[in-house]
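What follows is a single structure, written as structure tokens, with notes after it.
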Amino acid sequence: MDRFTQLSETVHSAFEVRNQARDKALMQTRKVIQHAAHAIRAIHRLELDVADGFLNDARQLVEQLRNDLGEHPDLFYAGYTQDALKEYVEAHVTCALIRGQELPLPEELDVAPNVYLNGLAEVVGELRRRCLDVMRQGYSEEVERMLNLMDEIYALLITIDYPDALTNGLRRQTDLARGIVERTRGDVTISLREQRLSQSMKELAILLKTEGLNDDLTPPDIEEED
């Protein structure tokens, strides 16, 4: 066997293995993203068991993905794989915070800090969605809790002042999060003012009605005294 034949077989074999690993990883990452999206959808509907089921499915896929790409670290750290892990983080954190549970940390989800922070930044949008859903029933302590969580996330993100090459573009996500927090705070303020105005109008209507009834009773009482 000459050298060119040997080289051809070697490189074809190597690329075939990597191509199969890549194709499998693409399929797995798509499923992780789907499970993450379904979990977020379920938690917004307060379907807790359904959300837990999708999170467990996503966790198993992530573990399988990490094992399958153990010999191909470049594929594991490719953009599509890291994007799936980011969605995985977003789903876990969103479900935990809406349920009032502790914030899951990067080491608990077994993801890199930059992936975790990008996923955390996207949680702000989901908390805004939860805020608006709750506000349909009027201002409440749950609305205030969601807004406080959004503030906490943004307060953390703005401290991460490192190059985008290290944070995977976190600065842009932080700017988007700031806009979401500001809009939500404005919406909450308007909702609170409207609720207070509505309550004041109801109290005034009751007061006017009561005074009107008293006025109707006053003349007969005066005539009887005369």
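The values are calculated or read from the model by the stated rules, or taken from the named source; none is laboratory data. Nothing here was measured: the structure is a model prediction, and the numbers come from that model. No Cβ is skipped: glycine too gets one built from the backbone with ideal geometry, and neighbour counts run over all protein chains shown.
For (1) at pLDDT below 95; (2) under 14 Å from the mean Cα position of the chain (by Cα), each residue gets a yes or a no:
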| residue | (1), (2) |
| --- | --- |
| Glu47 | no, no |
| Ala51 | no, yes |
| Leu55 | no, yes |
| Gln64 | yes, no |
| Leu69 | yes, no |
| Tyr77 | yes, no |
| Lys86 | no, yes |
| Ala96 | no, yes |
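Taking interchain pairs and intrachain pairs at least six residues apart, which have beta carbon atoms under 6 angstrom, with the first residue in the range 58-73 and over 19 Å from Glu87 (Cα atoms) and the second part of a helix (DSSP H, G or I) and at pLDDT below 90?
So the pair list comes out as His72/Ala21.
Looking at the structure I just gave you, is Pro113 touching a helix residue (DSSP H, G or I) at 6+ places or on another chain (Cβ under 9 Å) and more than 23 Å from Ile190 (Cα to Cα)?
So Pro113 passes the test.
I'm trying to understand the selection: among the residues of the range 93-121, which are closer than 19 Å to Arg145 by Cβ and among the charged types (D, E, K, R)?
Arg99, Glu102
Taking the residues in the range 108-144 that are farther than 23 Å from Ala36 by Cβ and not acidic (Asp, Glu) as candidates, determine which candidate is surrounded by the fewest Cβ atoms within 10 Å (Cβ to Cβ).
Arg136
Just checking, which of Arg3, Arg22 is charged (D, E, K, R) and in contact (Cβ under 8 Å) with a residue 24 or more places away in the chain?
Arg22
Write out, first by first residue and then by second, each pair whose Cβ atoms fall under 7 Å of each other, whose residues are 6+ apart or on separate chains, and whose first residue, in the range 166-187, is over 12 Å from Asn118 (Cα atoms) while the second is aromatic (Phe, Trp, Tyr).
Cβ pairs passing all conditions: Arg178/Tyr154; Val181/Tyr154.
Residues to consider are Arg99, Arg18; find the one that is surrounded by 11 or more Cβ atoms within 10 Å (Cβ to Cβ), among the charged types (D, E, K, R) and more than 27 Å from Leu157 (Cα to Cα).
Arg18
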